[in-house]
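Participant: First the structure, which I've put down as structure tokens, then a few questions once you've had a look.
The values are calculated or read from the model by the stated rules, or taken from the named source; none is laboratory data. Remember, predicted model here, so these are calculated numbers, not experimental data. All Cβ positions, glycine included, derive from the backbone under ideal geometry; neighbour counts span all protein chains shown.
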Amino acid sequence: MQTVNRIDPLRSAVEALRRDGPVALVPTMGALHDGHLTLVREARARAAHVVVSIFVNPLQFGAGEDLDAYPRQLERDSALLAGEGVSLLWAPTVDVMYPAGFATGISVAGVSEGLCGAARPGHFDGVATVVCKLFNQVLPDLALFGEKDWQQLAVIRRMARDLDLSRPHADAILGVATVREADGLAMSSRNAYLTAAERAQAAALPRAMQAAVAALGAGVPAAEALAQLRDAVLAGGFAAIDYAELCDAASLAPLDAAGGVPGRLLVAARIGKARLIDNLPVPATRR
């Protein structure tokens, strides 16, 4: 596996890889776990070569968030990626990604405005900006993201469609199902912030979400199902809930009940030092 951290060597390396066939990009912030490696494996099944980026993006962290504490494990991550057959690791520094005088940002209206967008002002502007830069730097034929960050995936697809990106085209931005621990907790780099006791309590989140999906499927109004979810999560040991909403899976517009369009149940909750996000599909129902 080749590792590069400057733009010109990156472009030369990707150009050489592309001679063999399609190139897939898996953007990450490092601290890799099996969720990330699942993305890599899916990318390898779909492309001749896989490029993985590792960059802890300061633009998507707000004041008082965990930018400084976010785990950085480049040597460990590099070994994991080499073992998965990744062809190229793109690991730029902050000064390479945002050189002196950098003054451009991307803002995606609509899908970015509620949920994590409301709880973390400016977060998705930072996400859209860095992902657009990564796409322009690597020019991948396809890119893969985890569905755990469902709103992020919606923002990136909207950005690619609105800006007429061709590498990758919006239709080649693929979501991969959330990878979960044995007790149902979604894998996340921020799970490392949990103590042993908090980690055991954290399983209350996916349990409550599964119960809410079942209730919604049985025709329970969203307000009632979400109130039950909040009560169960807080009773399970979480300190606070940033949001718990049923939304249209595509537009992220709020829904009053499961209905004629595919829905998504999205939750963000805080326990200990961690803010955990998760989501589950809510199938369309026939009335």
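Participant: Evaluate segment 104-115: report whether one residue or more is touching a Gly at 6+ places or on another chain (Cβ under 6 Å), surrounded by fewer than 22 Cβ atoms within 10 Å (Cβ to Cβ) and more than 16 Å from LEU25 (Cβ to Cβ).
Facilitator: Initial filter on segment 104-115 (touching a Gly at 6+ places or on another chain (Cβ under 6 Å)): none.
Looking for residues that are touching a Gly at 6+ places or on another chain (Cβ under 6 Å), surrounded by fewer than 22 Cβ atoms within 10 Å (Cβ to Cβ) and more than 16 Å from LEU25 (Cβ to Cβ), one finds none in segment 104-115, hence no.
Participant: Are any residues in segment 215-260 crowded, with 16+ Cβ neighbours inside 10 Å, part of a loop (DSSP other than H, G, I, E, B) and not aromatic (Phe, Trp, Tyr), and if so, which ones?
Facilitator: Selection gives VAL220, GLY236, GLY237, ALA249, LEU252, LEU255, ALA257, ALA258, GLY259.
Participant: What pairs come up if the first residue lies in segment 246-275 and is among the β-branched types (Val, Ile, Thr), the second is at pLDDT below 95, and their beta carbons are under 6 Å apart, counting only those six or more places apart or on different chains?
Facilitator: So the pair list comes out as VAL261/ALA284.
Participant: Being at pLDDT 95 or above and out of contact with any Leu (no Cβ under 8 Å at 6 or more places or on another chain) is the requirement here; does LEU174 meet it?
Facilitator: On the way: at pLDDT 95 or above: yes; out of contact with any Leu (no Cβ under 8 Å at 6 or more places or on another chain): no.
Answer is no for this residue.
Participant: If I filter segment 145-197 down to residues being within 14 Å of the chain's Cα centre (by Cα) and part of a loop (DSSP other than H, G, I, E, B), which single residue comes out as surrounded by the most Cβ atoms within 10 Å (Cβ to Cβ)?
Facilitator: Selected residue: SER188.
Participant: Here is a list of conditions, (1) more than 30 Å from ALA250 (Cβ to Cβ); (2) touching a helix residue (DSSP H, G or I) at 6+ places or on another chain (Cβ under 8 Å), and ASP77 meets all of them except one; can you say which number that is?
Facilitator: Here ASP77 clears every test but (2).
Participant: Could you check how many residues of segment 237-273 are in contact with a strand residue (DSSP E or B) (Cβ under 9 Å, 6 or more places away or on another chain) and farther than 28 Å from ALA109 by Cα?
Facilitator: 4
Participant: Here is a further query. PRO9: in contact with a strand residue (DSSP E or B) (Cβ under 9 Å, 6 or more places away or on another chain), assigned to a strand (DSSP E or B) and modelled with pLDDT of 95 or more, yes or no?
Facilitator: On the way: in contact with a strand residue (DSSP E or B) (Cβ under 9 Å, 6 or more places away or on another chain): yes; assigned to a strand (DSSP E or B): no; modelled with pLDDT of 95 or more: yes.
No.
Participant: Continuing with this model, one more query. Out of the residues in segment 78-110 that are over 19 Å from the mean Cα position of the chain (by Cα) and free of Cβ contacts under 8 Å to residues at least 24 places away in the same chain, which is nearest to ARG19 (Cα to Cα)?
Facilitator: Out of the qualifying residues, it is GLY83.
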